[in-house]
Amino acid sequence: MSTSPRWLDAEEQRAWLAYVDFSTLLADYLNRQLRRDAGMTHADYGLLSHLSSVPDGALCMSELAHRLKITRSRLTHAVNRLREAGLVDRREDPADGRGQLAVLTDEGRAVLERAAPGHVEAVRRAVFDALTPEQVRQLAEIGEAIGGAVQRAESSRSDSAVLPWRRR
């Protein structure tokens with residue numbers, strides 16, 4: 001039984017294309033800013049930020065993959081690369097003998113602290129300076145609504161391993 005697609009109307013198409021354009025431009029802009037000013041990628045900054053957001057600077061690898069919404073394999077490569085640079089370390093998880101923790105090093109924290117002011121200014125300049133307070137509230141609500149819808153759509157599938165942070 002074939003059903004016809006639910007095509008986007010003109011305003012939905014406008015919104016979708018605006019999202020595609022700004023998300024691509026914003027990702028590129030933030031990545032270039034961090035590479036230029038801090039010598040790191042936006043993905044690396046995000047990883048270091050997540051580690052810095054917890055009191056001891058340590059997260060189990062599966063939790064970090066979940067927070068970053070990336071595969072565990074991709075996370076392992078990123079952590080190994082940041083480990084070679086002295087920004088992150090790995091150690092056994094005392095709560096789970098099979099698990100590993102990613103741990104922010106003192107050098108990693110220092111690099112993040114040096115990068116943060118320029119990155120926050122770039123985010124402010126590209127996003128928040130362009131929006132009214134009402135639009136900021138709406139953006140947060142829209143992002144939460146779409147994120148929730150995607151997670152519900154993925155969890156309703158019989159193959160929940162399709163979630164990126166559950167893939168190897």
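The values are calculated or read from the model by the stated rules, or taken from the named source; none is laboratory data. Bear in mind the structure is a predicted one, so any value in this text is a computation, not a measurement. All Cβ positions, glycine included, derive from the backbone under ideal geometry; neighbour counts span all protein chains shown.
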Legend entry - So residue 99, is it surrounded by fewer than 14 Cβ atoms within 10 Å (Cβ to Cβ) and closer than 20 Å to residue 62 by Cα: yes
Legend entry - Top-ranked residue of the range 117-131 - restricted to ones that are aliphatic (A, V, I, L, M) and in contact with a helix residue (DSSP H, G or I) (Cβ under 6 Å, 6 or more places away or on another chain), ranked as surrounded by the most Cβ atoms within 10 Å (Cβ to Cβ): 122
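Quick grid of which residues meet (1) modelled with pLDDT of 95 or more; (2) more than 30 Å from residue 25 (Cβ to Cβ):
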{"position": "81", "(1), (2)": "yes, no"}
{"position": "105", "(1), (2)": "yes, yes"}
{"position": "111", "(1), (2)": "yes, no"}
{"position": "145", "(1), (2)": "yes, no"}
{"position": "151", "(1), (2)": "no, no"}
{"position": "154", "(1), (2)": "no, no"}
{"position": "159", "(1), (2)": "no, yes"}
{"position": "163", "(1), (2)": "no, no"}
Legend entry - Total residues in the range 2-27, condition of a type in the set (Phe, Trp, Tyr) and either modelled with pLDDT under 95 or exposed (fewer than 11 other Cβ atoms within 10 Å of the Cβ) (or both): 1
Legend entry - Filter result for the condition that a residue is farther than 27 Å from residue 29 by Cβ and either of a type in the set (S, T, N, Q) or surrounded by 12 or more Cβ atoms within 10 Å (Cβ to Cβ) (or both), over 90, 74: 90
Inset, instruction - For residue 124, work out the one condition from (1) under 17 Å from the mean Cα position of the chain (by Cα); (2) modelled with pLDDT of 95 or more it doesn't fulfil. - result: (1)
